[in-house]
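The values are calculated or read from the model by the stated rules, or taken from the named source; none is laboratory data. Quick caveat, the model's predicted, so the values are computed rather than measured. Here the Cβ is made from the backbone with ideal geometry for all residues, glycine too, and neighbour counts use every protein chain on show. Surface areas here come from the heavy atoms of the whole protein model, side chains and all, with no ligands, DNA or RNA. Shrake-Rupley method; radii C 1.70, N 1.55, O 1.52, S 1.80 Å.
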Amino acid sequence: MIDKLGDFKRDYFCGELTENNIGDEVRLLGWADSVRDHGGVIFINLRDKEGVIQIVIDPSKSPAEAYEKAKRVRAEYVLAVRGRVQRRPEGTENPKISTGTIEVTVDELRILNTCDILPFQIEDNINVHEEVRLRYRYLDIRRPEMIKKLILRHEVYQATREYLAGHGFLEVETPMLTKSTPEGARDFLVPSRLEKGKFYALPQSPQLFKQILMVGGIERYFQIVKCFRDEDLRKDRQPEFTQIDFEMSFVDEEDVIAVSEGLIHHIFKKALGIELEIPFRRMSYTEAMEKYGTDKPDLRYGLELKDITDLAKEVEFKVFRDTADKGGIVKGINVKGGAKFSRKEIDDLTEYAKKFGAKGMAWIKINEDGSLQSPIIKFFTEEQIEKLKSIMEAEVGDLLVFIADTYEVTHRVLGFLRKHLAEKLNIIPEGKWEFVWIVDFPLVEWDEEERRLVALHHPFTSPKEEDIDRLDEAIQNKELALSFKSRAYDLVLNGEEIGGGSIRIHSSEVQKKVFELLGISDEEAEEKFGFLINALKYGAPPHGGLAFGLDRIIALMTNSESIREVIAFPKTQKGICPLTEAPDFVKDEQLEELGIELNIPEETV
């Protein structure tokens, strides 16, 4: 039989009780975390979102009705408890919980609901397939670590609003149903019933609208906003995700970076109690690629890349020499203490490098007796070996690994290899926050597949001011265009990009030239971005902004392996919601209303 809640109101959350409450009568509400019967005395750990308290139903002290009800209680029953706080008997304290020195002796117990047999235990560190957890997400969320993550997410929301509103930003919502402007990831499309044959798109970002808000004179806008991208998923990607988005008028890069640093500082202080040191370090895109092989470097550890291309031109090792002679590069990493790696471990590293495009991986061991071990040693003179050791800063006990390929492949492979080695060597310190701004990005890059220049960030990013007057020349000269730098900036934390932005193009004439540089015709530009181009003609102020990936920030703050761990109702890596079974088929009548006829290959149904 289920009891009624009636006028029963809680006085405290379970985790709020302290020794100061000893002697107080309290009313509590929550779930039965565990039930134990010790010789007729029943102990129940009562849990709510703030923590756990032990309640005691002793037949010699509690009413008979409460005792009889307690005998029926099982895990995850929903309970209302009235009782008195007392100190636990000496020797029964539980130091693992904050309320471990006190307990509540029950005077009244109500069973508000029962619970079926659980598919998994409501506790941390469970070994359960993720899909099962997501199917029963309402149970998974009850686990203390999940509750804590969602509470922290809430605190980040509040800290964000507090900081930005306090600095003159207005929170303005932008549309969820908008025009499809495919540039990068695929759009999620929404068919229109009223305009048959036409589609809305869910926004990949509020980019165009926030620029239009600047034209509209808002000057300082922000929004915590859902964004949508139909792309292949991995641990740090979801089809729908959340951004902290803001834009400012009459600013340069320094203004946007200062606000961004202030916001992150405020979030960490409010949510984690951590006082970050600002300003954050800055690094050019070129330096990041040269030293770390990526524009998202993790600065918590070393393993910097070393360039031996000049030396490679001198040696007899054909792979090195041919690569260098053809305009490629040869770079390596000094793996300190890596000489202890077995041949199998080195072969495994080679296979790992091949996953990212390497044709192979050269290596040299410097053994404890100073001797060198490698298949390529015979191609080096003694003088060249000494030069190599000097460049690589090599010592006894080190393992030197090398990749020889194009600029792009060499850096990509060594960037991934560097991270893999740091994990293998267990040299990544915990509890360390290494922020770095990456600046001076190239404006464009060459897309071999499309055979055209594409924007490294997006086509609304402004070139450096000194390059604007040379845009006409760059349209005719690809190499000149590739030398242009943009006014973009990304913030990286512990090897993860957590935010990025730029100073935007506010001149319709400059925007038109950048479109031309990117091979976007006037017709295509008008079709995709006409409303923005038109707005820029009506007194658009200089402006810029940034968007932070809120899910990724929370994942880092909580040391979660995936952003799925910090989203209340995420999708799987296949884009499926096991809880609601979305996406799903819809009725034929709904499709007819939309004027849509499906043509699905039978094998996919």
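Report the extension gain between residue 113 and residue 468 in nm, rounded to one decimal, defined as 0.36 nm multiplied by the number of residues separating them, less their alpha carbon distance.
Working: separation 355, 0.36 × 355 = 127.80 nm, distance 6.82 nm.
Computed gain between residue 113 and residue 468 is 121.0 nm.
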- Message: Relative to 2.2 N^0.38 Å, what does the C-alpha radius of gyration of segment 228-315 come to as a ratio? Two decimals please.
- Response: 1.55
- Message: What distance in nm lies between label points placed 7 Å from Cα along the C-beta direction at residue 534 and residue 281?
- Response: 4.8
- Task: List the lysines whose Cα lies under 21 Å from the Cα of residue 69, skipping any in the same chain that are fewer than 8 positions away.
- Result: 4, 9, 61
- Task: Could you give the C-alpha radius of gyration of segment 28-124 expressed as a fraction of 2.2 N^0.38 Å, taking N as the number of residues it contains?
- Result: 1.01
- Candidate cut points under trypsin sites (Lys or Arg not before Pro) in segment 478-543, DSSP loop plus at most 14 other Cβ atoms within 10 Å of their own Cβ, are 537
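Quick check for you: with a 1.4 Å probe and neighbouring chains kept, what is the accessible area per residue of segment 431-542, in Å²?
On the way: 5050 Å² over 112 residues.
Normalised by residue count, the accessible surface of segment 431-542 is 45 Å².
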- Message: Just to confirm a number: summing +1 for Lys and Arg and -1 for Asp and Glu over residues other than residue 404 whose beta-carbon lies under 12 angstrom from that of residue 404, what do you get?
- Response: +2
- Note on the structure: Between the modelled labels at residue 427 and residue 270 (7 Å from Cα along Cα→Cβ) the distance in nm is 3.8
- Message: Suppose R0 equals 25 Å. What FRET efficiency, 1/(1 + (r/R0)^6) with r the Cβ-Cβ distance, do residue 445 and residue 477 give to the nearest 0.05?
- Response: 0.95
- Query: Which of the listed residues, 81, 441, 349, is farthest toward the dipole's positive end in the chain, when Lys, Arg count +1 and Asp, Glu count -1 at the beta-carbon?
  - Reply: 81
- Site residue 318, offset 7 angstrom along Cα→Cβ, radius 17 Å on amide nitrogen, limited to segment 341-384, gives 359-362, 375-380
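GluC sites (Glu not before Pro) within segment 101-165: which are DSSP loop residues with at most 16 other Cβ atoms inside 10 Å? Working shown, then result.
Values: sites: 103, 108, 123, 130, 131, 145, 155, 162; in loops: 123.
Sites meeting the loop and neighbour criteria: 123.
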- Message: Is there a quick way to get the dipole size of the chain? I mean about its Cα centre, with the Cβ of Lys and Arg at +1 and of Asp and Glu at -1; what is the value in debye to the nearest 20?
- Response: 1520
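Per 0.36 nm of contour for each residue apart, how much would the distance between residue 390 and residue 154 grow if the chain were fully extended, relative to their Cα-Cα spacing?
Net length gain for the segment: 79.8 nm.
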- Query: Just going by the charge dipole of the chain, with Lys and Arg at +1 and Asp and Glu at -1 on Cβ, which of 454, 100, 207 is farthest out on the positive end?
  - Reply: 100
- Query: Tell me, in nm to one decimal, what length is gained between residue 38 and residue 10 on full extension, where the rule is 0.36 nm per residue of separation less the Cα-Cα distance?
  - Reply: 7.3 nm
- Task: In whole Å, largest first, what are the principal axis extents of the Cα atoms in segment 413-507?
- Result: 51, 29, 19
- Lys and Arg at +1, Asp and Glu at -1: add these up for the other residues within a Cβ distance under 11 Å of residue 11 and post the number. +1
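Run lengths n ≥ 4 of DSSP H only: what is the helix-derived mean residue ellipticity at 222 nm for the chain, with -39500 (n - 2.57) per run over all residues, to the nearest 500?
Here the helix-only value at 222 nm equals -9000 deg cm²/dmol.
Just to be sure I follow: if Rg is taken over the C-alpha atoms of segment 447-605 and Rh is the Kirkwood radius over the same atoms, what is Rg/Rh? Don't jump to the answer; show the numbers that get you there.
Details: Rg = 21.6 Å, Rh = 19.8 Å.
Ratio of gyration radius to Kirkwood radius: 1.09.
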- Note on the structure: Answer in debye to the nearest 20: the dipole magnitude of segment 378-443 about its Cα centre, from +1 Lys/Arg and -1 Asp/Glu charges placed on Cβ, is 220
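At a 10 angstrom cut-off on C-beta neighbours, averaged per residue, how do the peptides 27-34, 367-374 rank from highest to lowest? Present the calculation step by step, with values, prior to reporting the outcome.
Values: 27-34: 20.4, 367-374: 11.9.
Final packing ranking: 27-34, 367-374.
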- Message: Probe of 1.4 angstrom, ligands and nucleic acids ignored: what's the accessible area per residue over segment 226-346, in square angstrom?
- Response: 45
- Once every Cα of the chain carries one equal point scatterer and solvent is ignored, give the base-10 log of I(q)/I(0) from the Debye formula at q = 0.06, 0.07, 0.12 Å⁻¹, two decimals. -0.47, -0.62, -1.27
- Note on the structure: On the accessible surface of the chain, probed at 1.4 Å with all protein chains in place, carbon and sulfur together account for a percent value of 48
- Query: Put a dot 7 Å past each Cα toward the Cβ at residue 88 and residue 194; how far apart are the dots in nm?
  - Reply: 6.3
- Query: Taking a 1.4 Å probe, which of 350, 18 shows the most accessible area, and what order do the others take after it?
  - Reply: 18, 350
- Farthest towards the positive end of the dipole of segment 151-263, among 251, 191, 165 and with Cβ unit charges of +1 on Lys and Arg and -1 on Asp and Glu, lies the Cα of 191
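Mind checking the dipole of segment 485-537: about its Cα centre, +1 per Lys or Arg Cβ, -1 per Asp or Glu Cβ, Debye to the nearest 20?
Numbers: 7 positive and 10 negative charges, 67 e Å.
Once rounded to the nearest 20, the dipole reads 320 debye.
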- Task: Restrict the search to segment 505-563; then list the chymotrypsin sites (Phe, Trp or Tyr not before Pro) that DSSP places in a loop and that have at most 10 other Cβ atoms within 10 Å of their Cβ.
- Result: 538
- With the 1.4 Å probe rolled over protein heavy atoms, segment 1-69 has an accessible area per residue in Å² of 53
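In whole percent, what relative contact order does the chain give with Cα contacts below 8 Å and a gap of six or more residues?
Working: 1108 pairs, mean separation 78.8, N = 605.
Rounded, it is 13 percent for the chain.
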